[in-house]
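Asks: Pasting a structure below so you can have a look.
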Amino acid sequence: MLTDRQQHCLKGIGIQSWSERTSTLDDRPATGPAVEIASEPVPQALENAIDSSPQEVLAENPVTRAPVPTSFDSWDSLIDSIHGCNACELAHNCTQKVPGVGDQQADLLIVGEGPGHEEDMRGEPFVGRSGQLLDRMLAAIDISREQVYITNIVKCRPPNNRDPKQDEAQQCRAYLEAQIEQIAPKVILSVGRVSAHNLLGSNQPVGKLIQQMHKLPGTEIPLKVTYHPAYLLRNPSAKAIAWKDLKLLHQMLR
Ligand code: URA
């Protein structure tokens, strides 16, 4: 049974009737409509951050580029290094770096794709509409934003919310790996296609990756894939699957 608070949180996510096992959504067979939605490849446009803005003019190249360090003395030096990074084109076109936010000793590390417009303006990940939905999703399993650490595959906003390019994600990888090493999370929640593909080195559809249990390659850290909140905002019917993911995540964190 869900508590009143959880019911309230679920209502906030946009689902009023979610409940353990008795829900018709929950009881859908694996081959039912919800799974069909999950199996579809996630359209690129739906996976991107939802803020749209006019085409932006990019900084002209050539630009100064220093390589990303391979090791960091401390958490502070890691964050400083992100702020000072100019290793790829993204650094020259964003308003500011968005290293991450939350508890550096969190059990749960959430990895998204890259900052959107709001995040770029505020210097914090997941603060736009999709971030608000992410907060409500966490609240539905009694987790607050302050209890987790939230970051992205790339720490600078890709212009016009395009997908990060492979070399950009690769340049930023050392930062993410250092964050993972320092936080040593119990579980990683990978939200959306770009995050899952980069973390798992896979190009399978998200709907498939969601159905499997993963470990972060090269580690023993369990990794759960779920839909990006921006995708859920545009595809509310996929929230039933996201709710299953959240319940599983809750169990994994116990
Ligand atoms: N989408 C992401 O993947 N990350 C953010 O920080 C915001 C939107």
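The values are calculated or read from the model by the stated rules, or taken from the named source; none is laboratory data. A quick note: this is a predicted structure, and the numbers were derived from the prediction, not measured. Every residue, glycine as well, gets a Cβ built from its backbone with ideal geometry; the counts of neighbours run over all protein chains shown. Note: areas computed on protein heavy atoms with side chains; ligands, DNA, RNA excluded. Shrake-Rupley method; radii C 1.70, N 1.55, O 1.52, S 1.80 Å.
Asks: Using heavy-atom solvent-accessible surface (probe 1.4 Å) with all chains present, what is the largest-first order of His228, His83, His117?
Replies: From most exposed to least exposed: His83, His117, His228.
Asks: In a shell of Cβ-Cβ distance under 13 Å around Ser74, excluding Ser74 itself, what net charge do Lys and Arg (+1) and Asp and Glu (-1) give?
Replies: For residues surrounding Ser74, the net value is -4.
Asks: Considering only DSSP beta bridges whose two residues both sit in the range 70-226, what percent are antiparallel, to the nearest 5?
Replies: 25
Asks: Accessible area of Met213, 1.4 Å probe, to the nearest 10 Å²?
Replies: Met213 exposes around 120 Å² with every protein chain in place.
Asks: Starting from the eigenvalues of the Cα gyration tensor, five times each then square-rooted, give me the equivalent ellipsoid semi-axes of the range 75-171, largest first, whole Å. Intermediate values should be presented prior to the final figure.
Replies: On the way: eigenvalues 105, 47, 23 Å².
Sorted largest first and rounded, they come to 23, 15, 11 Å.
Asks: Amide H neighbours of His214 under 5 Å, at least 5 residues apart or on other chains, H built in the peptide plane: list them.
Replies: Close amide H contacts, sequence-distant or interchain: Leu223.
Asks: Grab the Cα-Cα distance for Arg173 and Trp75, subtract it from 0.36 nm times how many residues apart they are, and report the gain in nm with one decimal.
Replies: Difference between extended and current length: 33.7 nm.
Asks: Please list, in chain and number order, the residues 5+ apart from His228 or on another chain whose amide H is under 5 Å from its amide H, with Hs placed from the backbone.
Replies: When sequence neighbours closer than 5 places are left aside, the close amide H contacts are Gly192, Arg193.
Asks: Ordered by residue, what ³J(HN,Hα) values in Hz, to whole numbers, does the range 101-118 give under the Karplus form 6.51 cos²θ - 1.76 cosθ + 1.60, where θ = phi - 60° and Gly and Pro are x?
Replies: Result, rounded to whole Hz: 8, x, 7, 5, 10, 5, 6, 10, 10, 9, 10, x, 8, x, x, x, 4, 4.
Asks: Go through the range 75-80 residue by residue and turn each phi into a ³J(HN,Hα) via Karplus (6.51, -1.76, 1.60, θ = phi - 60°); whole Hz please, and just put x for glycine and proline.
Replies: Karplus values, whole Hz, x for Gly and Pro: 4, 4, 5, 5, 5, 4.
Asks: Among the trypsin sites (Lys or Arg not before Pro) within the range 178-211, which fall in a DSSP loop and have no more than 14 other Cβ atoms within 10 Å of their own Cβ?
Replies: Filter output for the range 178-211: Lys186.
Asks: Pop the C-beta distance of Gln182 and Asp4 into the FRET formula with R0 = 41 Å and round what comes out to the nearest 0.05.
Replies: 0.65
Asks: Something else: With label points built 7 Å along Cα→Cβ from the Cα atoms of Ala66 and Glu146, find their separation and express it in nm.
Replies: Each label point lies 7 Å from its Cα, and together they span 3.5 nm.
Asks: Got a sec to turn the phi values of the range 177-192 into Karplus ³J(HN,Hα) couplings, 6.51 cos²θ - 1.76 cosθ + 1.60 with θ = phi - 60°, whole Hz, x for Gly and Pro?
Replies: Along the range 177-192, the couplings run 4, 5, 5, 5, 5, 6, 6, 6, x, 6, 9, 10, 9, 9, 9, x Hz.
Asks: Largest first and to the nearest Å, give the Cα extent of the range 95-145 along each principal axis.
Replies: 33, 24, 16
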